[in-house]
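All remarks here apply to the structure that follows.
The values are calculated or read from the model by the stated rules, or taken from the named source; none is laboratory data. Remember, it's a predicted structure, so these values are computed and weren't measured experimentally. Note that we place each Cβ from the backbone using ideal geometry, even for glycine, and neighbour counts take in every protein chain shown. Each accessible area value is taken on the protein alone, full model and side chains, heavy atoms only, with ligands, DNA and RNA left out. Shrake-Rupley method; radii C 1.70, N 1.55, O 1.52, S 1.80 Å.
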Amino acid sequence: MIDSRTPPEVDRVAASRRAVAARRERAALKHDVAMRVITPQELLARALAEPDSPAGAMRITDFLTALPAIGEGKRDRILAALGISPVKKLGGLGVRQRVSLQGWLDDRFPPLAPRADRSRLIVLAGPTAVGKGTVAARVREHHPEIMLSVSATTRAPRPGEVDGEHYFFVDDAAFDELIRSGALLEHATVHNAFRYGTPKAPIEKALAEGRTVLLEIDLQGARQVRAAAPDATLVFLTPPSWDELVSRLVGRGTEDAEERARRLKTAKTELAAQQEFDYRVVNDDVARAAAEVASLALG
Ligand code: 5GP
């Protein structure tokens, strides 16, 4: 006779596959928080909205040790101070525990606080391969009233790129001259390879005419703009997950393995800089992300 209490073999296999998949998803989420692709507050919000999701099933202990600079000793002191048992899962926190955890997170990882008086100069930056160029191009296509700045670069044009439209392609001597004459608002060597810089005059002219100007530049450039024009609005584009960023970089197929590894290392440090920005936009869908950037720019 078949024992009805023992699930059939197929069910057990399916259940164990699901358990493995759920564990993998929880690990990916922990990685996303550790790499700062998503904020701890976002992960907590997802867990509370869907207690049965991988986020909801994450143990509070795993959540806390995924946060930057929190080891096991610190974790246990935090849990004691917040009055949360170490066996709790994120999705199973009581109301008082949620509130105290949220308050603690907001103290330790302050949400971005955009300044009030902002100019019409918008900087779009973010880690390598996140899709800044695609989002900026989409903004230009749908919002011709926003001026997309054309940078100067020492790299050679790629097939299809037009001088004066995608970049001003210049040689090293001409780039040096742009710097020497003070013609650039900012400039940087990107990925240890070529130099890129933002011409100042067209931006000043457009801003004087009351237009909105969008710069799509790297993090070093964004920091220089912040220093030169503190009222600029800095928008940080993030990938929906770390795995997605890696697959976008690999999928692009334009870099070899060594170069990809180097860029991912750069991406990790770039992601850690997002607190310096005014807004964060997730590039989960190009059209949606571009619409959000445009509304921040025009808002
Ligand atoms: P690509 O060569 O693929 O067009 O661009 C490489 C990187 O250079 C991108 O991360 C892009 O954001 C950055 N970049 C493009 N123009 C500028 C610029 O004018 N200044 C700085 N700092 N970075 C730029």
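Looking only at region 161-183, how many residues end up being over 14 Å from GLU216 (Cα atoms) and outside any loop (DSSP other than H, G, I, E, B)? So the answer is 12. Where residues in region 212-256 are basic (Lys, Arg) and either within 18 Å of ASP117 (Cβ to Cβ) or within 12 Å of the ligand (Cβ to nearest atom) (or both), which of them is least open to solvent (accessible area, probe 1.4 Å)? Checked region 212-256; the qualifying residue least open to solvent (accessible area, probe 1.4 Å) is ARG226. Under the condition of being more than 18 Å from PRO114 (Cα to Cα) and either touching a His at 6+ places or on another chain (Cβ under 7 Å) or open to solvent by 40 Å² or more (accessible area, probe 1.4 Å) (or both), the residues counted in region 273-289 number 5. Just to be sure before I move on: is PRO54 in a loop (DSSP other than H, G, I, E, B), open to solvent by 10 Å² or more (accessible area, probe 1.4 Å) and not β-branched (Val, Ile, Thr) in the structure I sent? Yes; evaluated as a whole, the condition is true for this residue.
A single entry from HIS187, HIS191 fulfils the requirement of being modelled with pLDDT of 95 or more and within 10 Å of the ligand (Cβ to nearest atom): HIS187.
Pairing residues of region 150-166 that are in contact (Cβ under 8 Å) with a residue 12 or more places away in the chain and open to solvent by less than 30 Å² (accessible area, probe 1.4 Å) with residues that are among the aliphatic types (A, V, I, L, M) and in a loop (DSSP other than H, G, I, E, B), at Cβ distances under 8 Å and at least 6 apart in sequence or on separate chains, gives SER151/ILE217; ALA152/VAL170; THR153/VAL170; THR154/VAL170; ARG155/ALA193.
Just a yes or no: is a residue in region 173-184 in contact (Cβ under 8 Å) with a residue 60 or more places away in the chain and more than 10 Å from the ligand (Cβ to nearest atom)? No, region 173-184 contains no residue that is in contact (Cβ under 8 Å) with a residue 60 or more places away in the chain and more than 10 Å from the ligand (Cβ to nearest atom). Quick check, is LEU101 away from the ligand (no atom under 16 Å from the Cβ), open to solvent by less than 50 Å² (accessible area, probe 1.4 Å), part of a helix (DSSP H, G or I) and in contact (Cβ under 8 Å) with a residue 40 or more places away in the chain? In short, yes. Within region 37-51, the only residue that satisfies the criterion of being within 13 Å of ARG108 (Cβ to Cβ) and assigned to a loop (DSSP other than H, G, I, E, B) is THR39. If the condition is being within 18 Å of ALA34 (Cβ to Cβ) and not hydrophobic (A, V, I, L, M, F, W, C), then region 74-98 contributes LYS74, ARG75.
Scanning region 243-296 for residues that are more than 24 Å from GLN220 (Cβ to Cβ), of a type in the set (A, V, I, L, M) and out of contact with any Lys or Arg (no Cβ under 7 Å at 6 or more places or on another chain) turns up ALA257, ALA291, ALA294.
Residues in region 120-169 that are of a type in the set (A, V, I, L, M) and within 12 Å of the ligand (Cβ to nearest atom): VAL123, LEU124, ALA125, ALA129, VAL130, VAL135, ALA136, ALA137, LEU148, VAL150, ALA152, ALA156. Report yes if some residue within region 61-82 is assigned to a helix (DSSP H, G or I), under 28 Å from ALA267 (Cβ atoms) and in contact (Cβ under 8 Å) with a residue 40 or more places away in the chain; otherwise report no. No; the residues of region 61-82 include none that is assigned to a helix (DSSP H, G or I), under 28 Å from ALA267 (Cβ atoms) and in contact (Cβ under 8 Å) with a residue 40 or more places away in the chain. The residue that is nearest to THR269 (Cα to Cα), counting only those in region 107-135 that are more than 15 Å from the chain's Cα centre (by Cα) and part of a helix (DSSP H, G or I), is ARG108.
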